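Engineer: To start, I am sharing the structure in question, which I have written as structure tokens.
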Amino acid sequence: MSEVDEKFVIPLKYAGSEPSVWTEYIQMAIDYKPLNLGQGFPDYPPPKYIMDTLAKVSNESDYMLHQYTRGFVSKVLTNPGSSILLLEFDMLNRYSIITIFNLNSIDFLQTFQGHPRLVRALSKLYSKLIGREINEKTEILTTSGAYEALFSTISGHTDVGDEVIIIEPFFDCYEAMVKYAGGVPRFIPLRLKAVSGRIPTSEDWVLDKEELKSLFNKKTKIIILNTPNNPLGKVYSLEELTFIADLCKKWNVLCISDEVYEWLVYKPHKHIRMATLPDMWKRTVTIGSAGKTFSVTGWKVGWAYCPENLMRNIQMVHQNTVYTGVTPIQEAVAIAFETEMDRLGKEDCFFVSLAKDLESKRDYMANVLSEVGMKPTIPDGGYFMLADWSALESKVDVSSESDQYKDYRFTKWMTKKVGLQGIPPTVFYSTPNKHLAENFVRFCFIKKHETLKQAEDILKRWKTTEN
Ligand code: PMP
Ligand code: GLN
């Protein structure tokens, strides 16, 4: 090893972070051109008005929409007396008086964050959804995708040695982010109950309550919840959430609730926001994503909302890493939200129509998989589906693949030889529990009908070929 190679190895805290499944599988999709049901993104456009918001913003005469938006701007003027004025400055340095504080009554001067029009829209929406007034200036932060909201929240709350409970299968970056912050992830898998005479649904994947209880202790700082879950599509019930919430309260633990698929829930299931459970607002950070909400994954706008004291910790990380998000895209997301807000819950609301469209795609995909002999778990939410392919093992020859885990060998073989790509779900498990996922593959079904039909043809062709 050369001197340079030796010195510039990856720092210890990042060691073990292999190139992620996304990097590897996106490259494979480019190299082998399979039908891509791997990475989660729609292969059809969102409603035209959503795309038009961007055009509208770029034609806007307000050229300041192309400059830095408010990331973290506020200034304080002290008066000779005991009160202070808190002023907010906009991008043109015009100011308005926000509050007059009595100096004795505060110990921290709040700074404001996020693109004003977007945080306003988010506060209006979530105030309604969670049944309490969310302060647009102090309780919402807009971020570079939900990824950054997760990163800033986890980093802003994790001290070295803090334990963080992660429920498996989990969106893969959680584990890495906890480790980067010096935290200790503690894992608990959802387990598939025995079901007979029907196809399992994501509801059949359950937590063992005693096992969960046993993970909580004095060192526990955070539990990360993801409902609806990626990759399983599990939508947590009120009873399950209450059980988790009670443990959070008992052990004074923060719940980071990743709800990026909040609108993608299939009947009769309902998305329940952890922050609405009794006494949970004060210990919950909720995370959302414009990419998932408006089917525009490339926009990379996300957000976190929570009480002000928790937000301050998140802000501290955000201000020195990202500082402020992309102005025109945030403006566009704000316009899209304003449009949907007027028809929330009605048939013409995009959130309603998207879930409806996805439900039929889900059913189509589940039928195809069952017909070819895979065993799907029908998701109650999200746009991914896990399927157990072990019944087809005799038709698979993975000898050319050298990966440690069977699902990696299977999905690579399928990409190259069958022409269909899915994601190996062991990536959503900790090392000791990866064996639980080796017989599964994850498919993404937010695809146009022709794509799903093509997947059907590919799978059926494969099924009927002699091995
Ligand atoms: N959380 C979950 C569960 C996800 O599936 C994703 C999708 N990548 C994210 C967070 C990140 O979302 P974004 O693309 O907005 O960064
Ligand atoms: N959330 C998406 C998925 O699970 C995208 C992940 C990514 O590209 N990093 O497929």
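Coordinate-derived values only; no laboratory data. In this text, all values refer to a predicted model and were calculated from it rather than measured experimentally. Glycine gets a Cβ as well: all are built from the backbone with ideal geometry, and neighbour counts include every protein chain shown.
Engineer: By count of other Cβ within 10 Å, fewest leading, how are ILE199, ILE30, ILE244, ILE378 ordered?
Structural biologist: Details: ILE199 14, ILE30 9, ILE244 25, ILE378 21.
Ranking ILE199, ILE30, ILE244, ILE378 by Cβ neighbours within 10 Å, fewest first, gives ILE30, ILE199, ILE378, ILE244.
Engineer: Between the stretch 166-198 and the stretch 253-300, what is the C-alpha centre distance in whole Å?
Structural biologist: 17 Å
Engineer: Calculated from DSSP H runs of 4 or more alone, at -39500 (n - 2.57) each and per residue, what is the 222 nm mean residue ellipticity of the chain, nearest 500?
Structural biologist: Theoretical 222 nm ellipticity from helices: -11000 deg cm²/dmol.
Engineer: Okay, moving on. Which order, highest average first, do 159-165, 419-425 follow once you tally other Cβ atoms within 10 Å for each residue and take the mean per peptide? Don't jump to the answer; show the numbers that get you there.
Structural biologist: Details: 159-165: 16.4, 419-425: 24.3.
Highest mean packing first, the order is 419-425, 159-165.
Engineer: In percent, how large is the relative contact order of the chain, given Cα pairs closer than 8 Å and 6 or more residues apart?
Structural biologist: 20 percent
Engineer: If a/c stays under 1.5 just call it rounded; otherwise compare a/b with b/c (prolate if a/b is bigger, oblate if not). Do that for the stretch 347-467, with a ≥ b ≥ c from the square roots of the Cα gyration tensor eigenvalues.
Structural biologist: On the way: a/c = 2.35, a/b = 1.45, b/c = 1.62.
Judged from the Cα gyration tensor, the stretch 347-467 comes out oblate (a/c at least 1.5, b/c at or above a/b).
Engineer: To the nearest Å, what is the center-to-center distance of the stretch 9-74 and the stretch 442-467, using C-alpha atoms only?
Structural biologist: The two parts, judged by their Cα centres, are 27 Å apart.
Engineer: Further question: Starting from the Cα gyration tensor of the stretch 382-451, take the square roots of the eigenvalues, sort them a ≥ b ≥ c, and report rounded, prolate or oblate (rounded when a/c is under 1.5, otherwise prolate if a/b is larger than b/c, else oblate).
Structural biologist: oblate
Engineer: For the chain, the longest stretch holding no trypsin sites (Lys or Arg not before Pro) located in a DSSP loop with at most 15 other Cβ atoms within 10 Å is which?
Structural biologist: By the stated rule (loop sites, at most 15 other Cβ atoms within 10 Å), 347-447.
Engineer: To continue, here is another question. Suppose R0 equals 45 Å; then what is the FRET efficiency for ASP403 and ASP279 from their Cβ-Cβ distance, rounded to the nearest 0.05?
Structural biologist: Working from the Cβ atoms, E equals 0.50.
Engineer: Rounded, prolate or oblate: which fits the stretch 118-249, taking a ≥ b ≥ c as square roots of the Cα gyration tensor eigenvalues, rounded meaning a/c under 1.5, else prolate when a/b beats b/c? Walk me through the numbers before you get to the answer.
Structural biologist: Working: a/c = 1.83, a/b = 1.28, b/c = 1.43.
Note, shape of the stretch 118-249 comes out oblate.
Engineer: How much length is gained on full extension from PHE243 to LYS416, taking 0.36 nm per residue of separation minus their Cα-Cα distance?
Structural biologist: Here the segment from PHE243 to LYS416 would lengthen by 57.9 nm.
Engineer: Output the 0 to 90 degree angle, nearest 10, between the alpha-carbon long axis of helix 350-371 and the longest principal axis computed from the alpha carbons of the chain.
Structural biologist: The helix 350-371 is inclined about 20 degrees to the chain.
Engineer: Counting only pairs 8 or more places apart or on different chains, how many lysine pairs in the stretch 198-342 have C-alpha atoms closer than 18 Å?
Structural biologist: Summing the qualifying lysine pairs gives 20.
Engineer: For the chain, which longest stretch is free of loop sites, where a loop site is one of the chymotrypsin sites (Phe, Trp or Tyr not before Pro) that DSSP puts outside H, G, I, E and B and that has at most 14 other Cβ atoms within 10 Å? All intermediate terms of the calculation are to be shown ahead of the outcome.
Structural biologist: Values: sites that count: PHE8, TYR68, PHE108, TYR323.
Result for the longest clean stretch: 109-322.
Engineer: Here's something else I'd like to know. Which net charge results when you count Lys and Arg as +1 and Asp and Glu as -1 among the other residues whose beta-carbon is under 14 Å from that of TRP251?
Structural biologist: That sum, taken over residues with Cβ under 14 Å, equals +4.
Engineer: Between the helical axis of 308-321 and the dominant principal axis of the chain, each derived from Cα atoms, what acute angle in degrees is found, rounded to the nearest 10?
Structural biologist: With both axes taken from Cα atoms, the answer is about 80 degrees.
Engineer: Tell me the GluC sites (Glu not before Pro) within the stretch 296-353 that lie in a loop according to DSSP and have at most 13 other beta-carbon atoms within 10 Å.
Structural biologist: Within the stretch 296-353, the qualifying GluC sites (Glu not before Pro) (loop, at most 13 other Cβ atoms within 10 Å) are GLU347.
Engineer: Could you work out the relative contact order of the stretch 356-427? I mean the mean sequence separation of Cα pairs under 8 Å and 6+ apart, divided by the number of residues, in percent.
Structural biologist: Worked out over the stretch 356-427, it gives 18 percent.
Engineer: Can you tell me how much longer the chain between GLU18 and LYS219 gets when fully stretched, taken as 0.36 nm per residue apart minus their C-alpha distance, in nm with one decimal? All intermediate terms of the calculation are to be shown ahead of the outcome.
Structural biologist: Values: separation 201, 0.36 × 201 = 72.36 nm, distance 2.80 nm.
Length difference between fully extended and current span is 69.6 nm.
Engineer: Nearest 10 degrees, 0 to 90: what angle lies between the long axis of helix 238-251 and the longest principal axis of the chain (Cα atoms)?
Structural biologist: The angle comes out near 60 degrees.
Engineer: Only counting other Cβ atoms within 10 Å, I'd like GLU168, GLU401 sorted with the fewest neighbours first.
Structural biologist: Values: GLU168 22, GLU401 14.
Least to most surrounded, the residues fall as GLU401, GLU168.
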